[in-house]
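FYI, it's all coordinate maths here, none of it is from the lab. All figures in this text were calculated on a predicted structure; none of them were measured in a lab. All Cβ positions, even for glycine, are placed from backbone atoms using ideal geometry, and neighbour counts span all protein chains on display.
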């Protein structure tokens, strides 16, 4: 699960989250069976670092807990975004994640593509760091199928993390998100969507309101529209994981409960039709 623990999902904007509540949410998540936490050193806000919150709450780490992080985006200490990290900067980014998390290796590191046409040079550096023992598994994020093919020619890819959800068929505006989902399923690669419950609102939360179809299905199950969006995403295949972000204990429980929802064939068809009608490449 993605930890939105630093306050606003816009990272350095808004009011920082309550420290004690963030720690409590992390510990409660693990108690409820969460074994996959998504984070990154660049997720910091003005007063919070999610990596250091995770370290405080969960170290020493359980053997079955997978902590996934990302490198590629570059932010300065004031929180301002710069260009994509150069290949020669990636080792320092990996080492910063290691330091903040208090670990001697990272379970899974995604290369987050930042508008590069080719990811080969960056991914090659991460492969060298994996061979050196700093990383166990590699993933890629914000990609098209061609980038997946490019990475797999260099080293095994165990997961792809893209923006994807009901009505969001395109990863960050690039290519066909459904094609990436299908390719991952065919190759036995985990597909890990972010913003799966946000709709068109993206990182700022739900957008223009949930469509009537989503609301109707939610009412039939007596759950929230966000839970239906998450359940629909998980129904896209056994290779699909979920990293809904929250720093709220109630939302945490709702997100976990959504994993147990079973949508009927009729409900799935209704939501699939909504997804198909969404703007963007299909």
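For residue 91 paired with residue 145, estimate the spin-label separation in nm (one decimal), with each label point 7 Å from Cα along the Cα-to-Cβ line.
Distance between label points: 3.7 nm.
Going by a ≥ b ≥ c, the root eigenvalues of the Cα gyration tensor, does the stretch 209-257 fall in the rounded group (a/c under 1.5), the prolate group (a/b larger than b/c) or the oblate group?
Values: a/c = 1.96, a/b = 1.14, b/c = 1.72.
It comes out oblate by the Cα gyration axes.
For the ranges 67-76, 219-228, what's the packing order if you count other beta-carbon atoms within 10 Å of each residue, average per peptide, and put the highest first?
67-76, 219-228
Report the FRET efficiency, 1/(1 + (r/R0)^6), for residue 128 and residue 84, where r is their Cβ-Cβ distance and R0 is 22 Å, rounded to 0.05.
0.75
In Å and from the alpha-carbon atoms only, list the Rg and Dmax of the stretch 19-277.
Here Rg and the maximum Cα pair distance are 18.2, 53 Å.
Rounded to the nearest 0.05, what FRET efficiency do residue 117 and residue 277 have when you use their Cβ-Cβ distance and R0 = 41 Å? Working shown, then result.
Numbers: r = 31 Å, r/R0 = 0.75.
The pair residue 117/residue 277 has a calculated efficiency of 0.85.
Would you mind getting me the FRET efficiency between residue 219 and residue 24? Use the beta-carbon distance for r and R0 = 22 Å, nearest 0.05.
0.10
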